[in-house]
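Here's the structure we're looking at; comments come further down.
The values are calculated or read from the model by the stated rules, or taken from the named source; none is laboratory data. Keep in mind it's a predicted model, so treat the numbers as computed, not measured. Because the Cβ atoms are built from the backbone with ideal geometry, glycine has one as well, and the counts that use them run over all protein chains shown. For the accessible areas, the whole protein counts, side chains as well, though only heavy atoms, and no ligand, DNA or RNA atoms are used. Shrake-Rupley method; radii C 1.70, N 1.55, O 1.52, S 1.80 Å.
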Amino acid sequence: MAIKRNGCEGCADITCGSTKEVLFQDIAKGVNTAYDRVKARGVSAGLFGSTGTCCRHCNMGPCQIIDGVDDMIGVCGATADTVAARNFARIIAAGSAAHTDHAREMVKGFIETAKGNGPHEIKDVDKLKSLAGVFGIETEDREVNDIALELGEAALAEFGRQDDTPVSMLKRAPKKRQAVWKKLGIEPRGVDREVVEMMHRTHMGVDQEYKNIMLQASRCALGDGWGSSMLSTELTDIMFGTPVPRRAIVDLGVLKADQVNVTVHGHEPLLAESLCIAAQDEDILVLAKKAGAKGINLAGVCCTGNEILMRRGIPVAAGFIQQEMALATGAIEAMVVDVQCIMQSVAQVAGNFHTDIITTNYRAKMEGAIHIQFEEDSPLESAKAILKKAIGNYKKRGKFFIPEKSKLDVVVGFSHETINYMLGGRFRSSYRPLNDNIINGRIRGVGAIVGCDNFKLTDEAHEIIARELIRNDVLVLATGCAATALGRAGLVNPEAIKHAGPGLAEVCETVGMPPVLHMGSCVDNSRILIAATEMVKEGGLGDDISDLPAVGTAPLWMSEKAVAIGQYFVASGAQVVFQSLPVTGAKKFNKYLLEDMMGEYGAHWNVAEDPYEIAKMMIAAIDAKREALGINKQRERVLFDMEMRRDMGSNPVGAGCAGPGA
Ligand code: NFS
Ligand code: SF4
């Protein structure tokens, strides 16, 4: 049945250009997308679920609790605050579990690589040695692969560690922050244990005190941020290369009319990296040519996309909200998926076309998809089998539409090491120039825009916030689908300097970097923790993350992972602003998150619905920190003196350079 779409009247708030272009084509008439479902059903608002006070943790319920009404507590007596805290904590546990299971797979792949199995190798030896140091592993006079194997095995053992030793990476945090965690008794131990303990404590009749529940939620989230996610980022960098600045393209226009289009969707880059190698294999290319295609065009979707964008410059076709639109072009031969953020509707949309959805992970199967298991011990063979299936579909391609103009240039690859190098120069890699520019006021502060997009708010929200921030001299760090959205908006590009305030523009111009730095996927938010720590260690901006004029937002969060990230940011001392939190039905708990957490962590959650309001809150949070540091007045000074210019690096590095390892 054709779906009725009359401009924006016919569906929910579609604002993205390429999405509109695709959906209003004839070939997309029969395609039912999330926009249509939101329009038909409406977005739930004000229900018990969205206010956090519905409990179904036992069979005496479900209980819908109304705060302040005596006979509307749970059958067991649970109050609104307890129920909302339990629900919120379980969201954090689920998000942490997702990052942790992802990290575990990366560690297992890393161990295979260290053993010499498969097509990958240890690419960043410096980083290997530095991480080995964090784990107390000897590196002198040892073979690279020996060090890697010992590191991999030590890392794998940490997930399930049963004693009370904190995760190794925690000692990378500023000393003062480590003391905060110790005092609160929330240093994360084995992450698997933290997730299990969180699930136990939120079971019926266990932890019934919202503050105590949130202590474990912080511990669990910190285990994710400083444990699992950081481990995943670091080992992935060591294996596939630490990202360096490179040009690439994003948006649906990256699909190619005359090639076999294969999109890689999900999160674990082992599969995507193997596909990148297999797509260059001569036998595979011969097969593609025999099928009449000029080659194989790999493109990313969601965070897998960000992983290969950062390290290989492979284009990203779509973020989370565009996964159905990519298929609705009719131009994709196969969408290969692994785990997380894959909408079940992709199988239904693909059913309208010749496209195969190929699941590759035993943990994530889907009706209507075909399954080709990705075998970790023979990744290349699995990747080739997947590509052969896609090539077989090329001849079956019917009518298709690629929005060719929707193809945006981006400059990506801003790992913490790259920022260090670009600002400080090859011989003086350091955050000193960044700190100095914050102190002298050219840069007002740092704003992280991270997380998902969803169908509740306009997908322009990221762009609006980023524009407001850079206009006010706030340097933006972006990850995840937010970074993809900012790429589509043309802001992840040195040309976006024209939208920046004079101070930020001057710094970005001098170093040749965009005002919005793409730092990678969602697990790469751990890069932001490291960057913040380096800023603290560099000096002049206080002695803890909570002193920095830095703030984060995940305005369009969708996934439970985003809440885990929010909580580890807050517990690490960074303020965050979200568009909504499912806790509003519980007054004390809501106030605890939005105000009282400050007393424990030096940071708290904030909520604002409107993107302009979010940006305003972020700038206000930055200014408050500047005030506390006593550097607010110096914002008037704008001119560079010669010495400052020299300090910025006498040899400015332009975007597209080879970066640190070159
Ligand atoms: Ni992050 Fe990445 Fe995107 Fe959200 Fe999903 S892909 S891990 S969770 S939707 S940013
Ligand atoms: Fe109701 Fe308590 Fe059971 Fe929850 S745990 S469903 S509040 S009785």
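Which FRET efficiency value, to the nearest 0.05, is calculated for H203 and A179 with the Förster distance at 30 angstrom and r the Cβ-Cβ distance?
On the way: r = 32 Å, r/R0 = 1.06.
Here the calculated transfer efficiency is 0.40.
Shape of the stretch 407-446 from its Cα gyration tensor (a ≥ b ≥ c, root eigenvalues): rounded if a/c is under 1.5, otherwise prolate when a/b > b/c, or oblate?
Details: a/c = 2.99, a/b = 1.34, b/c = 2.24.
Note, shape of the stretch 407-446 comes out oblate.
Given 0.36 nm per residue, what is the gain on full extension from Q280 to C76 after removing their alpha carbon distance, in nm?
Numbers: separation 204, 0.36 × 204 = 73.44 nm, distance 6.10 nm.
Full extension from Q280 to C76 adds 67.3 nm.
Sum up the charges of everything whose Cβ sits under 13 Å from the Cβ of A532, counting Lys and Arg as +1 and Asp and Glu as -1, but leave A532 out. Can you show the working numbers first?
On the way: positive: R172, K176, R177, R527, K537, K625; negative: E534, E538, D543, D544, D547.
With Lys, Arg at +1 and Asp, Glu at -1, the neighbours total +1.
Label point 7 Å out from D26 along Cα-to-Cβ: which residues of the stretch 328-345 have amide N under 14 Å?
none
Obtain the nm distance between the two label points defined at K537 and K498 by a simple spin-label model: each point lies 7 Å from its Cα along the Cα-to-C-beta direction.
3.9 nm
Suppose every Lys and Arg Cβ carries +1 and every Asp and Glu Cβ carries -1, with no other charges. What dipole size does the stretch 251-396 come out with about its Cα centre, to the nearest 20 debye? Numbers along the way, then the final one.
Details: 13 positive and 17 negative charges, 101 e Å.
Computed about the Cα centre, the dipole is about 480 debye.
Using θ = phi - 60° and the Karplus curve 6.51 cos²θ - 1.76 cosθ + 1.60, what whole-Hz ³J(HN,Hα) does each residue of the stretch 509-516 get, with Gly and Pro shown as x?
Each residue's phi maps through the Karplus curve to give 5, 4, 8, x, 10, x, x, 10 Hz.
Quick check: pseudo-label points 7 Å beyond the Cα along Cα→Cβ at V38 and V125, how many nm apart are they?
5.0 nm
Rounded to the nearest 0.05, what FRET efficiency is calculated for D141 and R363 with R0 set to 35 Å and r the Cβ-Cβ distance?
Working: r = 40 Å, r/R0 = 1.15.
So, using R0 = 35 Å, E works out to roughly 0.30.
Of Y421, G451, L629, which is farthest on the positive side of the dipole of the stretch 419-649, counting Cα position, with +1 on Lys and Arg Cβ, -1 on Asp and Glu Cβ, and the Cα centre as origin?
Y421
As a test of the formula, what do you get for the chain when each DSSP H run with n ≥ 4 contributes -39,500 (n - 2.57) and the sum is divided by the residue count, at 222 nm and rounded to the nearest 500 deg cm²/dmol?
Values: 27 runs with 291 residues, N = 662.
Calculated from helices alone, the mean residue ellipticity at 222 nm is -13000 deg cm²/dmol.
Relative contact order for the chain: what is it in percent, counting Cα pairs under 8 Å that are at least 6 residues apart? Numbers along the way, then the final one.
Working: 1454 pairs, mean separation 110.1, N = 662.
It rounds to 17 percent for the chain.
Placing +1 on the Cβ of each Lys and Arg and -1 on the Cβ of each Asp and Glu in the stretch 373-487, which of G441, L408, L477 has its Cα farthest towards the positive end of the resulting dipole?
Selected residue: L408.
Less than 12 Å Cβ to Cβ from V206, Lys/Arg counted +1 and Asp/Glu -1: what total charge do the surrounding residues give? Numbers along the way, then the final one.
Values: positive: R86, R201; negative: E197, D207, E209.
That sum, taken over residues with Cβ under 12 Å, equals -1.
Hey, can you find the accessible area per residue of the stretch 68-240 for me, probe 1.4 Å, expressed in square angstrom?
Normalised by residue count, the accessible surface of the stretch 68-240 is 38 Å².
Among all the aspartates and glutamates, which ones have a C-alpha under 18 Å from K407's C-alpha, if same-chain residues fewer than 8 places away are not counted?
E21, D251, D258, E324, D459, E460, E463, E495
Under the classification rounded if a/c is under 1.5, otherwise prolate if a/b is larger than b/c and oblate if not, where does the chain fall, given a ≥ b ≥ c as square roots of the Cα gyration tensor eigenvalues?
Working: a/c = 1.28, a/b = 1.10, b/c = 1.17.
Rounded.
At a 1.4 Å probe radius, which order do K389, K405 fall into by accessible area, largest first?
Details: K389 80, K405 190 Å².
Greatest to least solvent exposure: K405, K389.
Express in whole angstrom the spacing between the alpha-carbon centres of the stretch 229-274 and the stretch 426-502.
21 Å
Among I372, A496, L593, whose Cα sits farthest toward the positive end of the charge dipole of the chain (+1 at Cβ of Lys/Arg, -1 at Cβ of Asp/Glu, about the Cα centre)?
Farthest towards the positive end: A496.
Run the simple label-point estimate for E627 and L156 please: 7 Å along Cα→C-beta, distance reported in nm.
Once both label points are built, they end up 5.3 nm from each other.
With a 1.4 Å probe and all protein chains left in place, how much of the accessible area of the stretch 419-649 comes from carbon and sulfur atoms, in whole percent? Walk me through the numbers on the way to the answer.
Details: 3790 of 7330 Å².
Reported share for carbon and sulfur atoms: 52 percent.
What size of dipole, in debye to the nearest 20, comes out for the chain about its Cα centre when the only charges are +1 on Lys and Arg C-beta atoms and -1 on Asp and Glu C-beta atoms?
My answer is approximately 1220 debye.
Which percent of the accessible area of the stretch 68-240 is formed by carbon and sulfur heavy atoms (probe 1.4 angstrom)?
Details: 3290 of 6640 Å².
Taking all protein chains in place, the stretch 68-240 shows 50 percent carbon and sulfur surface.
So if each residue of separation counts as 0.36 nm, and I subtract the Cα-Cα distance between Q373 and E460, what length gain in nm does that give?
Numbers: separation 87, 0.36 × 87 = 31.32 nm, distance 3.71 nm.
Computed gain between Q373 and E460 is 27.6 nm.
Please report the spacing between the Cα centers of the stretch 283-312 and the stretch 558-572 in Å, no decimals.
If you average the Cα positions of each part, the centres end up 32 Å apart.
Determine the relative contact order of the stretch 251-396: mean sequence separation of Cα pairs under 8 Å and six or more apart, normalised by residue count, in whole percent. Present the calculation step by step, with values, prior to reporting the outcome.
Details: 294 pairs, mean separation 42.0, N = 146.
Taking the mean separation of contacting Cα pairs over the length of the stretch 251-396, I get 29 percent.
Enumerate the calculated ³J(HN,Hα) couplings along the stretch 441-458 in order (Karplus 6.51 cos²θ - 1.76 cosθ + 1.60, θ = phi - 60°), each rounded to whole Hz, writing x wherever the residue is Gly or Pro.
Listing the rounded values in order: x, 4, 9, 6, x, 10, x, 9, 10, 10, x, 8, 10, 8, 9, 8, 10, 4 Hz.
Nearest 20 debye, what's the magnitude of the dipole of the stretch 419-649 about its Cα centre given +1 on Lys and Arg Cβ and -1 on Asp and Glu Cβ?
For this selection, approximately 200 debye.
Roll a 1.4 Å probe over the protein heavy atoms and report the accessible area of V134 in Å², nearest 10.
Here the accessible area works out near 30 Å².
Strictly over 23 Å apart at the Cα level, which of K129/K176; K127/K183; K294/K395; K211/K561; K211/K587; K289/K395 would you flag in this model? Numbers along the way, then the final one.
On the way: K129/K176 26 Å; K127/K183 31 Å; K294/K395 13 Å; K211/K561 21 Å; K211/K587 13 Å; K289/K395 11 Å.
Exceeds cut-off: K129/K176; K127/K183.
Keeping all protein chains in the complex and leaving out DNA, RNA and ligands, what accessible area do you get for W557 with a 1.4 Å probe, in Å² to the nearest 10?
Here the residue's solvent-accessible area equals roughly 40 Å².
When DSSP beta bridges are limited to those with both residues in the chain, what percentage is antiparallel, rounded to the nearest 5? All intermediate terms of the calculation are to be shown ahead of the outcome.
On the way: 8 of 47 bridges.
In the chain, DSSP labels about 15 percent of beta bridges as antiparallel.
Run the 1.4 Å probe and let me know the accessible area of M72, rounded to the nearest 10 Å².
For M72, the solvent-accessible surface is approximately 60 Å².
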